[in-house]
Amino acid sequence: MDPLIFFVCLLVFIGGCFIQSTLGFGMGVVAGPFILMLEPRLMPSAIVVIGMFMSAIVWYQYRHALSLRFLIFAFLGRLPGTLIAAYVLMVITTDQLEIMLGVTVLAAVILSLAKLRLAPTSINLFIGGLISGVTGTATGIGGPPIALLMQNEEPETIRANLAAFFCLTNIISLIALHYSGRFTMVDFTSIIWLLPAPIIASVIAFRVRHKIKKQVMQYGVLVLCSLSAVVSLSQGLHVFS
């Protein structure tokens, strides 16, 4: 990887991990389109690997707020969703992946703005896990469907359960990505150099988390995500070529 591209990718992941550490999710939504532009071969494996390590850190920090009630049915739904995504990745092109990524990010933004109130029932968690399995494995963005169901919970409960969910399910996604040809040892060798990102982001977030208004952060993320989604869609559709 070119040193300049590596440095920019590292900064992108630090920013994405900072947002995930603060809100409980969002790293893939923010970083995905940029990584696809900078180093397409690392998508979506880099998002999944970095997300797994980031989730492990957050899970440990908020382990006291963990609730298995949220995890079991979402986990059961994630399994078939992951298998569907593995097949999709074997048959789509890079352009189609860019379009899928852009649509996924825009859908996440719209759902956030819509302020839907969906109860975290067993069936809703299963469906949310299914959708998360498809989008999370195919694009690295699996947070919105589960976060939408948990939005009315306490912040620490949201962070703890989302982190545990993604830490465990990203392992399954990586296995699916490997067998679909989207995650190789060469990819892992490149990604491992980016692992300082979640550590740096966690240290920064721990120090400044209470100084940042949650609403300001959320709207800032939505604006950034909207712009990145438009760029991803324009590339996939060759709007400017």
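The values are calculated or read from the model by the stated rules, or taken from the named source; none is laboratory data. Since we're looking at a predicted model, the values are computed, not measured. Here the Cβ is made from the backbone with ideal geometry for all residues, glycine too, and neighbour counts use every protein chain on show. Each accessible area value is taken on the protein alone, full model and side chains, heavy atoms only, with ligands, DNA and RNA left out. Shrake-Rupley method; radii C 1.70, N 1.55, O 1.52, S 1.80 Å.
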Taking residue 86, is it surrounded by 18 or more Cβ atoms within 10 Å (Cβ to Cβ) and touching a helix residue (DSSP H, G or I) at 6+ places or on another chain (Cβ under 9 Å)? yes
Please work out which one of (1) buried (at least 21 other Cβ atoms within 10 Å of the Cβ); (2) assigned to a helix (DSSP H, G or I) is the condition residue 25 fails and give its number. (2)
In contact (Cβ under 8 Å) with a residue 24 or more places away in the chain, open to solvent by 60 Å² or more (accessible area, probe 1.4 Å) and not hydroxyl-bearing (Ser, Thr, Tyr): which single residue out of 161, 152, 170 fits that description? 152
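How many residues does segment 111-143 contain that are under 28 Å from residue 41 (Cα atoms) and open to solvent by 20 Å² or more (accessible area, probe 1.4 Å)? Give the derivation first.
Here is the first cut: in segment 111-143, the ones under 28 Å from residue 41 (Cα atoms) are 128-143.
Filter once more, keeping what is open to solvent by 20 Å² or more (accessible area, probe 1.4 Å): 130-131, 134-135.
Qualifying residue count, segment 111-143: 4.
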Go through (1) at pLDDT 75 or above; (2) not in a helix (DSSP H, G or I) and name the single condition residue 233 misses. (2)
Taking the condition of being modelled with pLDDT of 90 or more, crowded, with 17+ Cβ neighbours inside 10 Å and under 17 Å from the mean Cα position of the chain (by Cα), how many residues in segment 174-201 meet it? 9
Could you give every pair whose Cβ atoms fall below 8 Å, whose first residue belongs to segment 33-45 and is open to solvent by 30 Å² or more (accessible area, probe 1.4 Å), and whose second residue is among the charged types (D, E, K, R) and part of a helix (DSSP H, G or I), counting only separations of at least 6 or pairs across chains? 41/187
Residue check, residue 161 in contact with a helix residue (DSSP H, G or I) (Cβ under 9 Å, 6 or more places away or on another chain), assigned to a helix (DSSP H, G or I) and farther than 23 Å from residue 86 by Cα: yes
Subset of segment 10-39 [on the phi < 0 side of the Ramachandran plot and in contact with a Leu (Cβ under 8 Å, 6 or more places away or on another chain)]: 10, 12, 13, 25, 30, 32, 33, 35, 36
Applying the selection to segment 52-61, what residues are open to solvent by less than 20 Å² (accessible area, probe 1.4 Å) and under 17 Å from residue 150 (Cβ atoms)? 55, 58
Of the conditions (1) surrounded by 16 or more Cβ atoms within 10 Å (Cβ to Cβ); (2) more than 18 Å from the chain's Cα centre (by Cα), the single one that residue 94 does not satisfy is (1)
Where a residue in segment 110-132 is within 23 Å of residue 68 (Cβ to Cβ) and its partner, wherever it lies, is assigned to a loop (DSSP other than H, G, I, E, B) and not small (Gly, Ala, Ser), with Cβ under 7 Å and at least six apart: 124/118
Residues of segment 62-83 being open to solvent by 70 Å² or more (accessible area, probe 1.4 Å) and basic (Lys, Arg), which ones? 63, 69
Per the filter on segment 131-158, residues among the β-branched types (Val, Ile, Thr) and not in a helix (DSSP H, G or I) are 141
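Give segment 28-43 a look and list any residue that's under 22 Å from residue 176 (Cβ atoms) and either in a helix (DSSP H, G or I) or modelled with pLDDT of 90 or more (or both), or say none.
Of the residues in segment 28-43, the ones under 22 Å from residue 176 (Cβ atoms) are 28-29, 31-33, 35-36, 39-43.
Within segment 28-43, 28, 29, 31, 32, 33, 35, 36, 39, 40, 41, 42 qualify.
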